[in-house]
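Worksheet: the structure to be examined is printed underneath.
The values are calculated or read from the model by the stated rules, or taken from the named source; none is laboratory data. The structure presented is a predicted model; accordingly, all values stated were derived computationally and were not measured. Cβ coordinates were reconstructed from backbone atoms using ideal geometry, including for glycine residues, and neighbour counts include every protein chain displayed.
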Amino acid sequence: MSDFGVRQLDLTATFSSAFRTTPVVTVGLMKLDHFESDDDASMSLQSLLEQMQAEMKQLQAEIEAQDQIFQAEIQQLQAKDQMYQADIQQLQTEMAANDQRIQDLEQRDYVERCESGDLESPTNVFTSGDGYRYLDVTATFSRAFRTTPVVTVGLRSLDHYAGHIRVRASLASVSTTSLTVRISTWSSSQLYYANVNWLACA
C-alpha cells in the first residue's frame with residue numbers, strides 16, 4: 001500500500017454571537033465520501049466512534065467539574081450574604097439605640113450653663129413726673145441658649161430722692177438670645193439711678 005503522507009484542510013466557522021468564555025467544542029463527521037476497502041472502512045468508523053465517545057465522556061466530566069465549582073461559589077455567596085445581613089441588622093439595632101439615647105437626652109431637663117450680668121439705667125431716669133413710670137433695659141447673651149432660660153433679677157444699687165422709696169425690677173421678656181428687665185416706680189417717688197443684676201440658666 002502506497003503512503004501518500006498526511007494531508008489536511010482547516011475549515012473555519014463563525015459563531016452567530018460571541019460566547020462569554022472560550023467554549024468546549026466537539027466535532028464529528030456528518031458525511032464522508034471516500035474510497036477504501038470494506039475492512040478499512042469498518043475499522044475507520046469504529047475508531048471514529050470510540051474517539052467521539054471518549055470526547056463526550058471528557059466533555060461530561062468537564063461540565064460536572066464546572067458545575068461543582070459553580071455550586072461552591074453559590075454557597076460562598078450565600079454565606080457572605082447571611083453574614084452581611086447579620087452585620088446590617090446589628091448596625092440597625094445600634095443606630096436605633098443611639099437615636100433613642102439622643103432623644104432621651106434632648107427631652108431630659110438639665111441645666112447646660114448659666115450666664116449673669118448687670119443692667120443700669122441712665123442717670124436722672126425718674127426725676128420728673130409722677131404716677132407709674134418704667135424703663136426697659138435689654139441684655140444680649142454671649143451665645144444662644146438651647147432652650148429659653150430661667151431668669152432671676154434683683155436690685156444691686158439704687159440712688160433716689162429723699163422721701164418714699166418705690167422701685168421694682170422685673171423680667172419683661174426673655175428668649176434664647178436676650179432678656180429685657182423693666183425698672184419701674186410710681187406715685188411721687190423720684191429715682192436718679194438704678195442698677196440690676198440678672199442670672200439666666202438653661
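When we screen Gln51, Gln46, Gln71, Gln92 for residues that are at pLDDT below 85 and not hydroxyl-bearing (Ser, Thr, Tyr), the only hit is Gln46.
If you check Ile88, Ile63, Ile69, Ile74, which single one turns out to be part of a helix (DSSP H, G or I), under 20 Å from Val27 (Cβ atoms) and free of Cβ contacts under 8 Å to residues at least 60 places away in the same chain? Exactly one of Ile88, Ile63, Ile69, Ile74 is part of a helix (DSSP H, G or I), under 20 Å from Val27 (Cβ atoms) and free of Cβ contacts under 8 Å to residues at least 60 places away in the same chain, namely Ile63.
Is there a residue being free of Cβ contacts under 8 Å to residues at least 24 places away in the same chain and under 18 Å from Arg168 (Cα atoms) anywhere in region 132-151? No, every residue in region 132-151 fails to be free of Cβ contacts under 8 Å to residues at least 24 places away in the same chain and under 18 Å from Arg168 (Cα atoms). With respect to being farther than 30 Å from Ala194 by Cα, not basic (Lys, Arg) and not in a strand (DSSP E or B), Asp130 falls outside the description. With the requirement that a residue be assigned to a strand (DSSP E or B) and either exposed (fewer than 13 other Cβ atoms within 10 Å of the Cβ) or of a type outside the set (Lys, Arg) (or both), what does region 147-159 give you? Once the filter is applied, which keeps residues that are assigned to a strand (DSSP E or B) and either exposed (fewer than 13 other Cβ atoms within 10 Å of the Cβ) or of a type outside the set (Lys, Arg) (or both), region 147-159 yields Val150, Val151, Thr152, Val153, Gly154, Leu155, Ser157, Leu158, Asp159.
Just one of the listed residues (Asp99, Asp109) is in a loop (DSSP other than H, G, I, E, B), without any contact (Cβ under 8 Å) to a residue 12 or more places away in the chain and of a type in the set (D, E, K, R), and it is Asp109. Just one of the listed residues (Ala169, Ala194, Ala144, Ala162) is in a loop (DSSP other than H, G, I, E, B), modelled with pLDDT of 95 or more and not β-branched (Val, Ile, Thr), namely Ala144.
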